[in-house]
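As structure tokens, the structure follows; a few thoughts come after it.
The values are calculated or read from the model by the stated rules, or taken from the named source; none is laboratory data. Owing to the predicted nature of the structure, the values given are computational and were not obtained by experimental measurement. Virtual Cβ from ideal backbone geometry, glycine too; neighbours counted across all protein chains shown.
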Amino acid sequence: MKVVLLAGGKGTRISEESQYRPKPMIEIGGKPILWHIMKEYSYYGYNEFIICAGYKQEYIKEWFGNYFTDNCDVTYDFRQGSLVTEVHEAHIEPWMVTVVDTGLNTMTGGRVKRIQKYIGDEPFMLTYGDGVCDVDISKVVSFHKKSRKIATLTAVLREEEKGVLDIDENNSVRSFREKRAADVTPINAGYMVLEPEVFDFIEGDHTIFERDVLEKLADMGELMSYTHRGFWQCMDSERERIMLETIIASGKAPWISW
């Protein structure tokens, strides 16, 4: 099952860093937060990634293009008048990464639609490129398969400005809307599992996945939630980046299972 990562936004709320690089490429613990998320999925055996890039997409391509040599011991031999390169040790993951330029101003649903040809007719996973979590991804996948619904998302209890979920006793999402200040309810943390039928609900670049797709699926009874009561944290601000750095420095980062 492939993993799709939304990494195309401008990250204006953390402009101190995102003016130089895409928000998912902002580093915590010396690696981009996107890398941390990919390591989470890889821990559960999911190693095929499709990155929906947009803003400064060339930065993401260059980073992965250099990733092999940056994580190897390499000898460069110029003694014969030409370059001979020898790789001694490689310290990298068994990943296949497809980086797709999904447009500068494309909405989240539009970005997903643009990578449809790389998914085909198979179920896939989708999450945001700016949040880490210690959810058991294998359990989310198993939950989704048993539900036989089009979509499953991971829900957490947080007082943040994220999509608010109305969940019934059978874990079916009955409605999906943007959060109001007075709400203390489950929110959409990403870490979704989707059937390929979800592409039928995306009209084009203007489609917002959370509002136009998830809300419709909720109305149809086709959106389920897997409730996660552990750690989850997005990186929407410099304060949150520093917080994640502090957690990593403590040596007790919950999402670092690998």
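Data for the structure
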| item | result |
| --- | --- |
| Flag for S250 being in contact (Cβ under 8 Å) with a residue 40 or more places away in the chain and either of a type in the set (F, W, Y) or over 22 Å from A7 (Cβ atoms) (or both) | no |
| Tally, over the stretch 115-132, of residues that are over 11 Å from A7 (Cβ atoms), among the small types (G, A, S) and modelled with pLDDT of 95 or more | 1 |
| Neighbours by Cβ (under 7 Å, 6+ apart or cross-chain): first from the stretch 67-83, farther than 23 Å from M38 by Cα; second of a type in the set (A, V, I, L, M, F, W, C) | V74/V87; Y76/L83; D77/V84 |
| Residues of the stretch 43-101 satisfying the condition of being aliphatic (A, V, I, L, M) and at pLDDT below 95 | V74, L83, V84, V87, A90, I92 |
| All strands (runs of 3 or more DSSP E) inside the stretch 15-99 with 2 or more residues being surrounded by 12 or more Cβ atoms within 10 Å (Cβ to Cβ) | 48-53, 72-77 |
| Listing of strands (runs of 3 or more DSSP E) fully contained in the stretch 173-258 that carry 1 or more residues being more than 19 Å from D130 (Cβ to Cβ) and under 17 Å from the mean Cα position of the chain (by Cα) | 192-194, 223-227 |
| Candidate set: the stretch 1-14, residues that are in contact with an Asp or Glu (Cβ under 9 Å, 6 or more places away or on another chain) and not in a loop (DSSP other than H, G, I, E, B); chosen: the one nearest to Y128 (Cα to Cα) | L6 |
| Of the criteria (1) closer than 24 Å to P24 by Cβ; (2) surrounded by fewer than 22 Cβ atoms within 10 Å (Cβ to Cβ); (3) not β-branched (V, I, T), which one L214 fails | (2) |
